[in-house]
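Reading through the structure tokens given below for one structure.
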Amino acid sequence: MYWYTRGIVKEEVLQKATQTLEATVQHMDNMLYDVEHVARNMRWNVEHHLDQPDLMFTYSKKVLELNPNISGCAIAFEPYYYRDRGQYFMSYYYRKPAGGSDGETTVVQSDFFGHSPYSEQVWYYMPVKTNNRYWTDPLEDNDRNGERIATYCLPVHDKGGRAVGVLAVDMTLNRLSQLAKEAKLSPNSYCVILGTNGDYIVHRDSTKLKLYKNIFNQMTQEDADSTVKKVARDMVSGKRGCERVTLSDGSTTAECYVFFMPFQTRGWSACIICPVDDLLGSYHYLAKYVWIIGFVSIFLLMVLSLLFTHLYLHPLRKLKRWAKRVADGQLDEPIPNSGRSDEIGQLQEGFRQMQESLTLRFAELQALTESLKQQGEALRKAYEQAKEADRMKTAFLHNMTDQMIAPIETIIADVAILRQVTWQMAPEETDRLVSELILEGQAITSLLNDLIALSEKDSENKQQ
């Protein structure tokens, strides 16, 4: 946008300057054309009334009345063309200030123009010599308070087509100067008009008109650069264009644009000179504004980015704290629902579900631990009971063993007696000993049955 805007601004500025110059030249051309048109129409009347010299005074005065831009009109003829009127015959009227402060003028007749015979002056001999129309370079007319004038000259022909005189109309350059002043692109711009040979016709600095008179004289004395010389040559040769030059005005030097184009038919050329800073001031300031806006925008973008990042990452920081609490086993504070549908909201929802699942699993573990604890306590009690039962069993076994020893010893003694004295004993005695052996054996069998029953019960308890 910056480069595009710069191009648009520059293009519009240069186009506006060119259009201003074209409009100014067109306006000046129209004014000069009006002068030429009046002169051509009046020449027709003159050529058709050459036999009436007194009418020439009427025609000269009439030209001034027809066009306010014309300051003087002369109708002059070849020496001795009217023999009864002497060597020279010229009808000449011009405007002269009336002396008031309102700028009014009066028409005055004069029998001479300049300080030499008119036949020796350029406005006369050039049209006769070339037999063609001719615009003179600016001249100073001392009779009109030193005003600079340009003269448009037309040859007057007789019926045979021979140039026998000249009709010349004067135009003061004040009107052109006024149009040049109005052609301003900026407060410091100005318009310059050059003649066919480089003479200054209009310039804002009147001293240059008197001191140099010609642009090439000025460039020679001021040692102008090659670009200025090229522009001057192009203007004199009737070219049009735009150049950027460096102009020096005494102590100051400035970069300027020169827009130049020729008049349509007169060989003159006009240019508008405008300092680059005036013409492209906004164009140059645009770069500064863009840099300032760019830096401010980048700074604001950074601030907004940091703020946005801070706000956007705030849920993540909270989620980090909750994750640390979960890692530390603090599951008492539930993770709330964020209400967001983006990735952060989905992540927080995942953490919330994970926390709920961990809380549920932790509760189950606590319940299982409590159950295991209760079972362990029961096992401990059972173990104590088993130890007590084992102790009691051991004591019982000792008691049973002790109880079995006496019958066994009795059996052993009775058997020994029976083996030794059976043959000596009476049947009654033998029956008694056998009965005692049977009773002792039954006692031992009863004890063994009790011991087997106790062992089987203990095995069942262990299996349970």
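The values are calculated or read from the model by the stated rules, or taken from the named source; none is laboratory data. These numbers come from a predicted model, not from an experiment. We place every Cβ from the backbone using ideal geometry, glycine too, and count neighbours over all the protein chains shown.
Hey, among the residues in the stretch 21-34 that are surrounded by fewer than 20 Cβ atoms within 10 Å (Cβ to Cβ) and not acidic (D, E), which one's nearest to R266 (Cα to Cα)? Break it down stepwise before answering.
We begin by selecting, within the stretch 21-34, every residue surrounded by fewer than 20 Cβ atoms within 10 Å (Cβ to Cβ); these are 22-23, 26-27, 29-31, 33-34.
Still in the list and also not acidic (D, E): 23, 26-27, 30-31, 33.
Working: A23: 17, Q26: 12, H27: 14, N30: 12, M31: 12, Y33: 10 Å.
If we take residues in the stretch 21-34 being surrounded by fewer than 20 Cβ atoms within 10 Å (Cβ to Cβ) and not acidic (D, E), then Y33 is nearest to R266 (Cα to Cα).
Which one of these is free of Cβ contacts under 8 Å to residues at least 12 places away in the same chain and closer than 30 Å to A453 by Cβ: L365, L379? Don't jump to the end; show me each part of the working.
Values: L365 fails: closer than 30 Å to A453 by Cβ.
That would be L379, the only listed residue that is free of Cβ contacts under 8 Å to residues at least 12 places away in the same chain and closer than 30 Å to A453 by Cβ.
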Regarding the stretch 257-276, can at least one residue be identified that is of a type outside the set (S, T, Y), without any contact (Cβ under 8 Å) to a residue 40 or more places away in the chain and in contact with a helix residue (DSSP H, G or I) (Cβ under 6 Å, 6 or more places away or on another chain)?
yes
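Conditions tested, residue by residue: (1) polar (S, T, N, Q); (2) at pLDDT below 75.
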site	(1), (2)
Q366	yes, no
K373	no, no
I408	no, yes
D414	no, yes
I417	no, yes
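Of E409, E370, E388, which residue is without any contact (Cβ under 8 Å) to a residue 12 or more places away in the chain, closer than 22 Å to R432 by Cβ and assigned by TED's automatic domain parsing to the domain that holds I444? Even if it seems obvious, please write down each step before you answer.
Details: E370 fails: closer than 22 Å to R432 by Cβ; E388 fails: closer than 22 Å to R432 by Cβ.
E409 is the lone residue from the list that is without any contact (Cβ under 8 Å) to a residue 12 or more places away in the chain, closer than 22 Å to R432 by Cβ and assigned by TED's automatic domain parsing to the domain that holds I444.
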When residues of the stretch 125-143 are limited to those that are among the hydrophobic types (A, V, I, L, M, F, W, C) and not in a helix (DSSP H, G or I), the one modelled with the highest pLDDT:
W135
Kindly indicate the residue of the stretch 334-368 that is charged (D, E, K, R) and within 39 Å of the chain's Cα centre (by Cα) and also surrounded by the fewest Cβ atoms within 10 Å (Cβ to Cβ) among those meeting that condition.
E343
Which one is farthest from M171 (Cα to Cα), of the residues in the stretch 26-59 that are in the same structural domain as A168 (by TED's automatic domain parsing) and polar (S, T, N, Q)?
Q52
Checking L358 against (1) modelled with pLDDT under 80; (2) over 30 Å from P315 (Cβ atoms); (3) assigned to a helix (DSSP H, G or I); (4) among the hydrophobic types (A, V, I, L, M, F, W, C), the condition it does not meet
(2)
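Which of the following residues is over 22 Å from S237 (Cα atoms), among the hydroxyl-bearing types (S, T, Y) and either loosely packed, with under 15 Cβ neighbours inside 10 Å or at pLDDT 80 or above (or both): T172, T151?
Working: T151 fails: over 22 Å from S237 (Cα atoms).
That would be T172, the only listed residue that is over 22 Å from S237 (Cα atoms), among the hydroxyl-bearing types (S, T, Y) and either loosely packed, with under 15 Cβ neighbours inside 10 Å or at pLDDT 80 or above (or both).
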